[in-house]
Amino acid sequence: MTNPTNDNSKIVDLQQRQASQLASNDRLGDLLKSVRGTALKRLQGLVSTLFENIDDALFDLAEKAENNAIQTQYFDGMREVRKKRQLVERLFQDQLGKVFNDFAAGKLQPVKAENVPQRGASDLSLVDDKELEESLAVASAVAKAEGRLQRPLFAVNQRLSVILGGAKVEDSSNPIAPAQLAQAFRASMRELEINLQTQLIIYKLFDRYVMSGLDALYEEINSLLIQAGVLPQIRHNVPGAGGRQYRPMPGPAAPGAQAAPGASPAAGTEHAYASGYAGQYDAAAAQLQVELYNTVRSLLASRRPAGAEAPEYAGGAPVPMIAPTELLSALTLLQNQQLMAQTQAHNAADAAQTVADAAHVVQQLKQELLDQAGKFHGAEKAHVAGADEDTIDLVGMLFEFILQDRNLPLQMQALLGRLQIPFLKVAILDKHLFAQKTHPARQLLDLMAQACMGWSEESDKDHRLYDKVKTTVESLLKDFDDDLSVFERTRDDFEKFIETNKKRADLAEQRAAEATRGREKLHAARRTAAREILRRVDEKQLPDIVHTVLTRPWANYLVLTLLRQGEDSDEWRQALKFADEFAWSAEPKTTDAERTRLKGLLPALEKSLRHGLATVAYHENDVKQLMHELNAFYRGLLQTETVPEIDTLPIAGATKAPGTEDAAGFEIVGTAVARASAVESQIEEIVLRDAEEDAQPEGYDADDEYLKQAKAMKVGTWVELTDPATGTKERAKLSWISPISSKYLFVNRKGLKVSDKTVFALAAEIRRGHAVILEEVPLFDRALDAIVERLKAAHAPSENTAAKPA
């Protein structure tokens, strides 16, 4: 029989031991409680500030909304946030409390990539799109905060590790680290019934008002623990200091993606570079991009038969699967081999061969990669997970497109084609490369392709652009291992190069446009003056001297007056009036009234004529000679010796002008006339030539497709022009369209004039293939569209085959 007293004493002893153990842990428990209290108090204030600004931000956006539908969405979001603000704040605090409890109990799970339920190719929905965009926004905020707060966060991690008795604490498992806070806020946000765009705005504000306030929180926590004697001095180096690291990015896995056996926790997940590239957000553009990427993923996944088993050797042994880390190692080896072995061509023939070689490399890379990775397992062959195989194929198709892209000259195709391995490594590390337009690697490729589009040997004789692109490619092949920040730095460097050269090109382009504009105005003035003069001399039997004055010096005077004063000026009207009166003065006078009028008109004609001749810098000796000849002409015209002297300047030894016939014959062919022979025919040529240029050539109508293409061109559009005589190709940009003649001015990438063409001439060249309009859409977008069409075309026959009856 058991003694109850003894039993009770045993129970008392156990309680005493528990009390003793708790007493020994009081200090540690109190420290963690202090950290928790400090964190919850400060975070509550930050979240309160956030919600106050959410209301203001949504109201401002509603006021600036483009239409009523968007405005209604913002107002609905405001009402939903106001209604559930207290609930969300309470849930956020509850989440943080749970995180601290799990942390104290050693049960806190590190934040890692989210798992999305696997879907078939036909099962994809907008839920994937929303999850992806939400993940991108949250991960961007976390990445920026972790990068900015690396040192104070490291110190908090080390001190919390001491409190836990030495258990390792990292950014992903720290209860007050950006990743845990963002996850807690994201969980509480699920109570809000708002659209994706409003949700992303709130995440951006969370980054601005909560994440930016963590500096003070970490400083306070570190000070609190230092005062308690927890690691008053930390001498450890911050891991990764001086360089940004890859971090897991939450987001949907590719269809069918599975982690490879034995792979690291990050294997088979999507990664993103800890930078701000995902923060530059355009909801509509991002949604379209994600839909396009999901289409590509589903089409790629649909190529694999459902329930396909892992390949096996002939004996039944499984073929080893290559983990993503092994893929990266194999790619690095191939990348180094390519850097050392590949040479670059320097002329068109070499470039064509290099492009052909590069296309072969693109097609063979997948097999070479599998062979190289299989060596890690000592196996003859190996295979990869379905998602990784899709990534390899997708990057391969991207570079096949680059090597066939008409927008890029052959030399540039060859250069950019060498980037296949670096971009495949990026895509394995971060599959959001294809879903996010603002990814640094994607921006760099688009930027380089845009710069290369206008390249030609003629416009780059100093090889400035060619060498820059080549250096950039070789730098990526040499420096890129697994740090995506290389792409951001390279992009920034290439942008600076482009901007520096663009300033020079813009100045040259402006000068070319101004010079062309000046010629256009002169041409238009000459045309107008020629028509006015021709109207006054055509079909009139004017004496040669009068005809010459009107068609040469006075036509020049009209041109200058138009350029300086314009058609609405008094000077222009007076110039035309002189032409009318001067032409009338040369006609035979049959009545006394006409002769009287002429006598009264001659002094005014002389004055106007002298002014016009001086304006066009007519030589003074020529003026004297002309006046002398006119004086003789008018004497004969009036058939009297009492004609008012038209030349008021004294002319020594004035006699009948040499070569002058009897005044009654009206044929004055003096020195000034001889110098101006055939001018009328020149004026007629100007008018006829302009009429021909303005006329629409035969064979064109308003619905002509080539004419439509030419008329639809906008300033900034690039074309490839081919000289039909030599076959030489030149890349040129439409720089300016003349408001006078509607001619198109084309310049090269340095801003120097290449040619100017009428819209009909350009349409004719497009028809003959001598002018090819290049696409303005960024390279990556064009490539994805082409890949979708290619996959759909390949998918269609299989569907049709499956639909046929047996």
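A few comments on the model shown:
- Calculated from backbone phi, Karplus (6.51, -1.76, 1.60) coupling profile of region 176-192 in Hz, x at Gly/Pro: 10, 6, x, 5, 5, 5, 5, 5, 5, 5, 4, 5, 5, 5, 5, 6, 8
- For residue 755, the amide hydrogen comes within under 5 Å of the amide hydrogens of 746, counting only partners 5 or more places away or on other chains and with H modelled in the peptide plane.
- Point-to-point label distance, residue 406-residue 32, nm (Cα→Cβ direction, 7 Å offset): 6.8 nm
- Look at the Cα gyration tensor of region 140-202: its axes a ≥ b ≥ c give a/c of at least 1.5 with a/b at or below b/c, and that counts as oblate.
- A prolate overall shape is assigned to region 497-550, the ratio a/c of its alpha-carbon gyration tensor axes (a ≥ b ≥ c) being 1.5 or greater and a/b exceeding b/c.
- Converting phi to 3J(HN,Hα) with the Karplus coefficients 6.51, -1.76 and 1.60 and the offset θ = phi - 60°, region 713-722 yields 5, 10, 4, x, 6, 9, 9, 10, 9, 10 Hz in sequence order, with x at every glycine or proline.
- With all protein chains modelled, accessible area of residue 142 [1.4 Å, Å²]: 20 Å²
- Paramagnetic label zone (point 7 Å from Cα along Cα-to-C-beta, residue 711; backbone N under 15 Å) in region 762-778: 762-764
- A probe of 1.4 angstrom, applied to the heavy atoms of all protein chains, finds residue 100 with accessible area near 10 square angstrom.
- Database remark: amide H of residue 736 closer than 5 angstrom to the amide H of 745 (H placed geometrically; neighbours at sequence offset of 5 or more, or on other chains; Pro and chain starts carry no H).
- Gap separating the Cα centres of region 480-505 and region 129-167, nearest whole Å: 29 Å
- For the set 535, 610, solvent exposure ranked by accessible area (probe 1.4 Å, protein chains only) runs largest to smallest as 535, 610.
- In order along region 769-774, the Karplus-derived 3J(HN,Hα) couplings, from 6.51 cos²θ - 1.76 cosθ + 1.60 at θ = phi - 60°, round to x, 7, 9, 10, 7, 8 Hz, and Gly and Pro are given as x.
- Remark: accessible surface ordering of 189, 321 (largest first) is 321, 189, probe radius 1.4 Å.
- Relative packing of peptides 426-435, 170-179, 497-506 - highest average C-beta neighbours within 10 Å first: 426-435, 170-179, 497-506
- Largest to smallest in accessible area, the residues 472, 615, 596 fall in the order 596, 615, 472 (1.4 Å probe, all protein chains included).
- Taking all Cα-Cα distances within region 464-564, those exceeding 16 Å account for 72%.
The values are calculated or read from the model by the stated rules, or taken from the named source; none is laboratory data. These numbers come from a predicted model, not from an experiment. Neighbour counts run over all protein chains shown; Cβ positions are idealised from the backbone, glycine included. The accessibility values were calculated without ligands, DNA or RNA, using every heavy atom of the protein model including side chains. Shrake-Rupley method; radii C 1.70, N 1.55, O 1.52, S 1.80 Å.
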